[in-house]
1. Just give me the residues in region 391-415 being open to solvent by 10 Å² or more (accessible area, probe 1.4 Å) and in a helix (DSSP H, G or I), in sequence order.
2. Give the residues of region 115-149 that are assigned to a strand (DSSP E or B) and under 22 Å from the mean Cα position of the chain (by Cα), sorted by residue number.
3. Going through region 118-150 one residue at a time, which ones are within 10 Å of the ligand (Cβ to nearest atom) and either open to solvent by 30 Å² or more (accessible area, probe 1.4 Å) or not assigned by TED's automatic domain parsing to the domain that holds I301 (or both)?
4. Kindly provide the set of residues from region 167-185 that are of a type outside the set (K, R) and either more than 19 Å from A208 (Cβ to Cβ) or part of a helix (DSSP H, G or I) (or both), ordered by number.
5. I'd like to check something: does region 383-390 contain any residue that is at positive phi and open to solvent by 10 Å² or more (accessible area, probe 1.4 Å)?
6. Considering each of V233, V242 in turn, give the residue that is touching an Asp or Glu at 6+ places or on another chain (Cβ under 7 Å) and either among the hydrophobic types (A, V, I, L, M, F, W, C) or outside the structural domain of R94 (by TED's automatic domain parsing) (or both).
7. Go through A323, A296 for me and flag whichever is in a helix (DSSP H, G or I) and buried (at least 16 other Cβ atoms within 10 Å of the Cβ).
8. Please state which one of Y270, Y287 is on the phi < 0 side of the Ramachandran plot, surrounded by fewer than 20 Cβ atoms within 10 Å (Cβ to Cβ) and not assigned by TED's automatic domain parsing to the domain that holds P388.
Amino acid sequence: MALVDRTPPRPSSRRGGAAPGPRLDVERIRRDFPILATQVRGKPLVYLDNAATAQKPRAVIDAISAYYESDNANIHRGVHALSIRATEAYEAARRRIQALINAEAPEQVIFVRGATEGVNLVAQSYGRPRLRPGDEILITEMEHHSNIVPWQLLCEQTGAGLRVAPINDRGELRLDEFERLLSERTKIAAFAHVSNALGTVNPVRELAGLAHRAGAVVLVDGAQATPHQAVDVRQLGCDFYVFSGHKMFGPTGVGVLYGRRELLEALPPYQGGGEMILSVTFEKTVYAALPARLEAGTPHIAGGIGLGAAVAYLSQIGYDAIAAHEAALLEHGTRVLGEIPQVRLIGTAAHKASVLSFVIDGVHAHDAGTVLDQLGIAIRTGHHCAQPVMQHFGVPATCRASLAFYNTTEELDVLAAGVRKVCEVFGV
Ligand code: PMP
């Protein structure tokens with residue numbers, strides 16, 4: 001039986017206005033994720049911390065095991081059978097990722113450790129040789145620290161200035177301010193596709209258009225987009241796009257930097273070492289072509305192969321079905337949490353992905369998280385590496401339930417019941 005029923009949903013099966021689309025066989029999908037059957041503290045695990053890291057389907061776990069069991073060898077340099085097989089599997093993963101994001105060519109998919117390393121690579125290899133005092137980098141108030149700190153480092157190194165486009169009280173980017181802050185001084189505009197702390201989905205194409213008109217190069221942090229929605233880097237019109245494997249059901253320690261070819265080709269190597277050279281003498285080293293030039297050293301081979309398996313799994317399900325299911329989940333979660341008087345949702349953008357950030361009046365987020373953990377519910381509490389967002393909303397921390405396509409409305413009911421229990425425990 002297929003994971004997705006592609007017959008159009010009957011009107012009665014459409015939950016409260018959520019986008020119609022192919023329906024997921026969620027029970028079947030859940031069986032693909034061994035960890036979802038886990039009991040935590042004697043209760044069935046309710047895993048709602050997907051924005052921190054997503055769980056892995058059997059297909060990913062098996063691909064990694066199969067590599068270590070049957071094909072383990074270093075890649076690219078070997079002439080023996082295992083090395084050839086490992087190389088082929090790793091490069092097949094690159095091609096799958098290329099297809100997923102609609103990159104022009106596989107060599108525009110650079111394997112990195114994750115979104116963080118992707119941003120740092122662009123900051124150091126693209127930004128550092130180019131930026132001068134007086135130049136500017138434009139980011140937004142909703143960025144994850146990994147799309148703030150690398151730019152601050154770059155500013156310290158080059159004398160460039162950081163500008164920050166503000167958000168409104170729904171957690172949406174102020175487009176008028178973003179546009180106002182762009183000028184001929186802006187050399188780089190870097191912003192999230194989807195905010196991890198708020199769930200806000202940014203209008204990337206529009207922002208990229210504005211930034212390009214000002215002459216800036218555009219980097220999009222897609223760490224929270226690729227688990228939820230189709231990404232077409234050419235349609236988005238970005239110059240660089242970064243994301244992490246572990247948030248899209250693949251392994252930790254591997255991610256991707258996509259770049260437009262002419263930009264990647266102009267980048268000096270980020271790191272020196274093996275794999276990235278054509279020839280080395282003590283007088284002169286000639287660098288290899290893309291993607292090797294930007295991938296020094298032995299990569300996370302099993303990670304790349306595992307990410308390729310995650311991409312294959314996601315492609316089999318399809319982002320249409322994922323988006324339709326998650327829209328229904330988000331709507332349900334917003335409603336059941338919204339019915340609790342002590343709960344205030346943080347991040348109510350009109351265009352939002354699967355994140356429910358909230359505070360409970362009179363209860364610190366960490367205390368709430370600890371009580372929910374006793375009930376087997378895994379959420380994240382804290383600043384979510386987005387302290388400026390917390391500052392905007394005047395809170396030290398939020399509780400964040402972040403959803404994936406394997407979550408159910410029943411799990412959100414368990415969360416809401418858990419939050420009511422938290423209120424009871426703390427007498428609020
Ligand atoms: N950007 C966003 C929006 C994120 O949510 C995260 C991870 N929380 C990152 C970047 C960094 O990802 P990683 O730690 O996998 O490099």
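1. Q391, H392, F393, T409, E410, E411, D413, V414
2. Filtering region 115-149 for residues assigned to a strand (DSSP E or B) gives 136-140.
Of everything in region 115-149, those that are assigned to a strand (DSSP E or B) and under 22 Å from the mean Cα position of the chain (by Cα) turn out to be I137, L138, I139, T140.
3. If the condition is that a residue be within 10 Å of the ligand (Cβ to nearest atom) and either open to solvent by 30 Å² or more (accessible area, probe 1.4 Å) or not assigned by TED's automatic domain parsing to the domain that holds I301 (or both), then N120, H144, H145 are the ones that fit.
4. N168, D169, G171, L175, D176, E177, F178, E179, L181 - these are the residues of region 167-185 that are of a type outside the set (K, R) and either more than 19 Å from A208 (Cβ to Cβ) or part of a helix (DSSP H, G or I) (or both).
5. Within region 383-390, the subset at positive phi is 384-385.
If we keep only those that are open to solvent by 10 Å² or more (accessible area, probe 1.4 Å) too, we end up with 384-385.
Scanning region 383-390 turns up at least one residue that is at positive phi and open to solvent by 10 Å² or more (accessible area, probe 1.4 Å).
6. On the way: V233 fails: touching an Asp or Glu at 6+ places or on another chain (Cβ under 7 Å).
So the residue among V233, V242 that is touching an Asp or Glu at 6+ places or on another chain (Cβ under 7 Å) and either among the hydrophobic types (A, V, I, L, M, F, W, C) or outside the structural domain of R94 (by TED's automatic domain parsing) (or both) is V242.
7. Working: A296 fails: in a helix (DSSP H, G or I).
One residue alone meets the criteria, A323.
8. On the way: Y270 fails: surrounded by fewer than 20 Cβ atoms within 10 Å (Cβ to Cβ).
When all the criteria are applied, what remains is Y287.
The values are calculated or read from the model by the stated rules, or taken from the named source; none is laboratory data. Not measured: the values here are computed from a predicted model. So basically every Cβ, Gly included, is an ideal-geometry build from the backbone, and we count neighbours across all protein chains shown. Note: accessible area is taken over every heavy atom of the protein model, side chains too, but ligands, DNA and RNA are not part of it. Shrake-Rupley method; radii C 1.70, N 1.55, O 1.52, S 1.80 Å.
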